[in-house]
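The values are calculated or read from the model by the stated rules, or taken from the named source; none is laboratory data. Source: prediction; values computed, not measured. Using ideal geometry, Cβ is built from the backbone for each residue, glycine included, and neighbour counts are taken over all protein chains shown. Please note that ligands, DNA and RNA were not included when accessible areas were found on the heavy atoms of the full protein model with its side chains. Shrake-Rupley method; radii C 1.70, N 1.55, O 1.52, S 1.80 Å.
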Amino acid sequence: MTGGDIFVECLKAQCVKDIFVLPGNHLDTVYEALYNNQDNIQHYVTRHEGGTAFMADGYARATGDVGVCMTVPGPGSNNASVGIGEANTASSPVLWITGQNPSYLAQRDPKKSFHGLDQRAAFTPMTKHLEIVHRVDQIPGAINRSFSALRSGRPGPVLIELAKDALDAEADLPIPPRNNGIQTTAAPQDIDAAIALLSKAERPLIISGGGINHTRATEEILAFAQLLDAPIVMTGFGKGSVPEDSPHSIGIFRDGVAQAAMNASDLIVAVGTRFNYRDTGNWSLKIPQPLLHIEADPDEIHKEYPATVGIGANPKLVLRQLNAALSDEKRTDGWGEGLRELRRQFMATERPRILKEMRDVMPRDAILSVDVNITGYGALPHFPCYHPGTYIFSGVSVAMGIGLTGAIGAQVAYPERKVVALSGDGGFLMTCPDLATAVMYNLPVVTLVMNDNQYTSIERGQLRRFGKRIGVELVNPDFVQFAESFGAVGLRVEDPNDFKPMFEKALALDKPVLLEVVK
């Protein structure tokens, strides 16, 4: 087998089913192997490497497993780096594969080489793990270590760089079996310390973070809340980890109801969260003590807030341990009617009309991919989600362009489910060529484009600061004709009263649709 054959066989052993690619000559041997394995791995050719990485990220968040993308080095990897940076800040398990020039050129100045770039220097800060492959015999080990990193602890993107001569060489090598990573549990003394805190608390409040989505621990955290008779608030990346119609859900961390609950609680139990800037208001938020912090990355314990008890282990497994220890201590006191009142306040929150109508029309398991735009900002607190992996957004890096491309990745993962992208006109145009990808593969993503011909959030900041605006006006295409030119369906809404029926029509078409909403 060639190195390309070995590489693809290794991907198959890791249960990779889909891969998002933009081809290049460095990787021809891998493409030959993909051609011969089309029954095992479906590859999706994209129009820009930035979208390629966003698609892999959307796939990873929707499934909870690894999303895979592949680009050429140099300009290809630089283009992809926006999406990889997003996966890094979102702790998303994305495997990023790039080619590289033959290994005998490794010591040459990359600034003088074809597609030259020192990718180790460029991308180590934004990846969890990085492998440079110079020889064919290094391929199986590189794949095995990469998937261990992807599936262990708090996930993040991993880069494998493959030298062209390593892919072209022939060898007979064993293929490593699926690597499920290392799943750590809490030490008995840590469980005892946590139980001691929980036993003293009358009104514990649970914060459900992205780690609950990553590990698909919805069942465990709901059981935990039931044992404690406690409310749950979700971080941004934790949205969807708990059904928002659960009697324990009181919305998104830092909203008014959640803040009232925090002020009334006597123990904060934070599970699977790093306490990022957005959730904490640039860390201005005071977290009451005591704090029980459970997080897959031990280095995050005490980093932002001191923990009374900190447990660095897999959140899903730790919750199982705690639930087993608490099984004979189910309480019904503490919050009592206070929990029901918090829930009533959360449910009474007024929601923007368009988000309410979207939720009314979309199925419970539909996936929403939210780009950076004013309407999208409101979706975090005001668009209820009921399943893990159904809310995709750029919560830390705030990367425009994730809406359509993240939705494409999610639609590939779940072809039978409804997937919607919510974009502004500015964000949509950043990755709009990949509307062609949706058309090429008949992916029925519905993209809402909120068109007001400007960068609205930037304009509002300028008006607040100096009362005038500059550089925020946009000249947009006719979005309906634009969509139709790709072979998608183009629709337009100018009257808010027409939005709901038009959105229902868009979802029912079961085709790639762009629905422009004129604001």
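If you average the C-alpha positions of the range 81-109 and of the range 353-385 separately, how far apart do those two centres end up, in angstrom?
33 Å
Hey, got the dipole for the range 438-486? About the Cα centre, +1 on K and R Cβ, -1 on D and E Cβ, debye to the nearest 20?
Once rounded to the nearest 20, the dipole reads 460 debye.
Give me the net charge for the shell around Asn476: Cβ to Cβ below 14 angstrom, other residues only, Lys and Arg +1, Asp and Glu -1.
Surrounding charge for Asn476 is -3.
Taking θ as phi - 60°, what are the ³J(HN,Hα) couplings along the range 443-459 by the Karplus curve (6.51, -1.76, 1.60), each to the nearest whole Hz, with x for Gly and Pro?
9, x, 5, 9, 10, 8, 10, 7, 9, 10, 6, 6, 7, 5, 5, 5, 4
Using a 1.4 Å probe on the protein heavy atoms, what percent of the accessible area of the range 402-519 belongs to carbon and sulfur?
Looking at the range 402-519 in its full context, I get 52 percent from C and S.
If amide H atoms are built 1.01 Å from N in the plane of the peptide, which residues on other chains or at least 5 residues away come under 5 Å of the amide H of Tyr391?
Leu368
Ser457 versus Glu202, label points 7 Å from Cα toward the beta carbon: distance in nm?
Each label point is offset 7 Å from its Cα along the Cβ direction, giving 4.2 nm.
Set the bar at 29 Å for Cα to Cα. Now go through Lys17/Lys164; Lys200/Lys356; Lys418/Lys468 and name every pair that lies beyond it.
Values: Lys17/Lys164 24 Å; Lys200/Lys356 40 Å; Lys418/Lys468 41 Å.
Cα-Cα > 29 Å for Lys200/Lys356; Lys418/Lys468; rest within.
Please report the antiparallel percentage of DSSP beta bridges with both residues in the range 37-160, rounded to the nearest 5.
0 percent
Which chymotrypsin sites (Phe, Trp or Tyr not before Pro) in the range 58-146 pass both tests, a DSSP loop state and at most 14 other beta-carbon atoms within 10 Å?
On the way: sites: Tyr59, Trp96, Tyr104, Phe114, Phe123; in loops: Phe114.
In loop regions of the range 58-146 (DSSP not H, G, I, E or B), the sparsely surrounded chymotrypsin sites (Phe, Trp or Tyr not before Pro) are Phe114.
Sum up the charges of everything whose Cβ sits under 13 Å from the Cβ of Gly67, counting Lys and Arg as +1 and Asp and Glu as -1, but leave Gly67 out.
Values: positive: Lys17, Arg61, Arg151; negative: Asp18, Asp57, Asp65, Glu86.
Overall, the nearby charge balance is -1.
For the chain, what does the helix formula give at 222 nm: sum of -39500 (n - 2.57) over DSSP H segments with n ≥ 4, over the residue count, nearest 500 deg cm²/dmol?
After summing the helix terms and dividing by residue count, I get -11500 deg cm²/dmol.
Counting other C-beta atoms within 10 Å, and keeping those with at most 11, which DSSP coil GluC sites (Glu not before Pro) do you find in the range 328-384? Display every interim value, and only then the final one.
Working: sites: Glu329, Glu337, Glu341, Glu350, Glu357; in loops: Glu329, Glu350.
Those that pass, being in a loop and sparsely packed, are Glu329, Glu350.
Run the dipole for the chain about the Cα centre, Lys and Arg Cβ at +1, Asp and Glu Cβ at -1, nothing else charged, and hand back the magnitude in debye, nearest 20.
On the way: 48 positive and 59 negative charges, 217 e Å.
Charge dipole of the chain: 1040 debye, to the nearest 20.
Just the number, please: percent antiparallel of the DSSP beta bridges in the chain, rounded to the nearest 5. Walk me through the intermediate numbers first.
On the way: 2 of 65 bridges.
Bridges in the chain are about 5 percent antiparallel.
In debye, nearest 20, what is the charge dipole magnitude of the range 150-190 about its Cα centre with +1 on Lys and Arg Cβ and -1 on Asp and Glu Cβ, if you could check?
Value, rounded to 20: 340 debye.
Would you mind getting the accessible area per residue of the range 435-519, heavy atoms of the protein chains only, 1.4 Å probe, in Å²?
53 Å²
For the range 337-384, what class follows from the C-alpha gyration tensor (a ≥ b ≥ c being the square roots of its eigenvalues): rounded when a/c is under 1.5, otherwise prolate if a/b is larger than b/c, else oblate? Write down the numbers at each step before the final one.
Numbers: a/c = 2.30, a/b = 1.76, b/c = 1.30.
Prolate is the answer for the range 337-384, as a/c is 1.5 or above and a/b outweighs b/c.
Among 143-156, 481-494, how do they line up by average Cβ neighbours within 10 Å per residue, starting with the highest?
Values: 143-156: 22.0, 481-494: 17.2.
Output ranking for 143-156, 481-494: 143-156, 481-494.
If the chain between Lys17 and Gln345 were fully stretched, how many nm would it gain, using 0.36 nm times the residue separation less the Cα-Cα distance?
113.7 nm is the gain from fully extending Lys17 to Gln345.
Once you have a ≥ b ≥ c as the square roots of the Cα gyration tensor eigenvalues for the range 122-180, tell me rounded if a/c is under 1.5, and otherwise prolate or oblate according to whether a/b is larger than b/c.
oblate
In Å², and per residue, what accessible area does the range 259-380 have when probed at 1.4 Å with the other protein chains present?
I get 43 Å² per residue for the range 259-380.
Amide H neighbours of Gln42 under 5 Å, counting only residues 5+ apart in sequence or on other chains, H built in-plane at 1.01 Å?
Correct list: Asp18, Ile19.
What does the accessible area of Ser284 come to, in Å² to the nearest 10, when a probe of 1.4 Å is used?
80 Å²
Using DSSP, restrict attention to beta bridges with both residues in the range 415-519 and report what percent are antiparallel, rounded to the nearest 5.
Working: 1 of 17 bridges.
So the antiparallel bridges amount to about 5 percent of the total.
Loop-only check: which chymotrypsin sites (Phe, Trp or Tyr not before Pro) in the range 247-319 are DSSP coil with at most 16 other Cβ within 10 angstrom?
Here the sparse-neighbourhood loop sites are Trp283.
With the cut-off at 1.5 for a/c, could you classify the range 1-76 from its C-alpha gyration tensor as rounded, prolate or oblate?
Taking the square roots of the gyration eigenvalues as a ≥ b ≥ c, the range 1-76 is oblate.
Quick check on the range 55-103: what are the equivalent-ellipsoid semi-axes from the Cα gyration tensor, as sqrt(5λ), descending, whole Å?
21, 11, 8
Can you give me the long-range amide H partners of Val419? Hydrogens built in the peptide plane at 1.01 Å from N, cutoff under 5 Å, separation of 5 or more residues or another chain.
Ile367, Val446
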